[in-house]
Each structure stands twice: as structure tokens, then as C-alpha cells.
Ligand SMILES: [Zn+2]
């Protein structure tokens, strides 16, 4: 089960390595799924291909008609979602839904935290590349960023974690102090903060 090189390339370019269903940036962790399975006569064509992250891919494949749970993705739905997504990317009109209001409120301080997190100069409206700090002590991060409150750091780290950009093991110590580490999971983080309105 594999698409020819040209189809892969075309699909990866069309989605910019973002999952078509949850829309997150996947980097290496992207897979090309046959909308109509090969066993059912599906072809290795661009039209029958949909790029998905690991999680969405397993959801699409997992559905068991013998024991229905949840709502199955139909082939028609996958095709329409994909075409819509490709179109949004081509038109540069993706909905900027990635940043919560809560995070946006900390907009001014985000670059400072990110710089500490990723160990690199960061333009918060843009893409992070080439970070070199894979493991950061959460306690250190929380206490040592000037001009940022610990709550501000918490909010951003929580958001980065929810988006799958970082992996955290933050916990409360026996004496009530917050400890743990933050591991950067993937290259390339897109921020769309400029479009988020604040109240
Ligand atoms: Zn996904």
C-alpha cells in the first residue's frame, strides 16, 4: 500500500504537511491514507489520497461496523474535507483557530517565553525553526522569565501541549512545588496571533 512518489509529493505540498482532519502541523508524523481502501478497488492516485496525522489516521481506520462507536468517516466526507482544506491552503485562507483568547491575552510575553523554551530568536507571528533546547526544566522556565508571570508561562505551555507541540510531565511535588520538564516534539510551529481579537 503505497502511493507513487509524484502523488505523495503532490499531496504533501497541497496540505503543507498539515493533517486534513485536525489541521495540525505534522512534520515527519504524517501518513497518506487511501480514502477507498485498495482491497475495495481504491487506486494509488492523488484523488484517493488524504494526508492524516497518526491520531486521525487510526480513527479513520479503526471504526468497526460490527460494534459501532462514534460516527464513521465516510469516503465522501473525507474527500470533501480534503478538497476544502487544500483550497484553504492554496488561497491562504485557513481559519486562524489555533490560539485561544486566553493565550492571546499574553501575546506580548509569548516571544520571551518561546525564546527561552526553544533557545532561539523567535518571531511570534511566523514559524519557529532550528530550536536547540529539547528539554527544559519547567520550574526554571516558570521562575526565570523576566516580565512574565508564572500564570502566563503556564497558559502558554498548556496551549503548546494541547496542540501537540511539546510534551510535558508537569506535576506537583510532595511539598507543593510545581516541577517537571518540557520536551519539544516537532519542528515548525505556526502562530496566527495577529488575527485574534482581544476583549
Ligand atoms: Zn489529525
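Here, each number is a calculation from the coordinates, and none is a lab measurement. For clarity, every value in this text was computed on a predicted model and none was experimentally measured. When we count neighbours, we look across all protein chains shown, and the Cβ atoms used for this are built from the backbone with ideal geometry, even at glycine.
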Filter the stretch 60-95 for residues that are over 18 Å from residue 35 (Cα atoms) and touching a residue at least 24 places away in the same chain (Cβ under 8 Å) and give the result. 89, 90, 94
Within the stretch 1-23, restricting to residues that are surrounded by fewer than 20 Cβ atoms within 10 Å (Cβ to Cβ) and near the ligand (Cβ under 9 Å from one of its atoms), the one that is nearest to residue 92 (Cα to Cα) is 23
Being touching a residue at least 24 places away in the same chain (Cβ under 8 Å) and within 14 Å of the ligand (Cβ to nearest atom) is the filter here; which residues of the stretch 29-52 pass it? 29, 31, 32, 33, 50, 51, 52
Selection count where residues are in a loop (DSSP other than H, G, I, E, B) and under 24 Å from the mean Cα position of the chain (by Cα), scope the stretch 4-48: 13
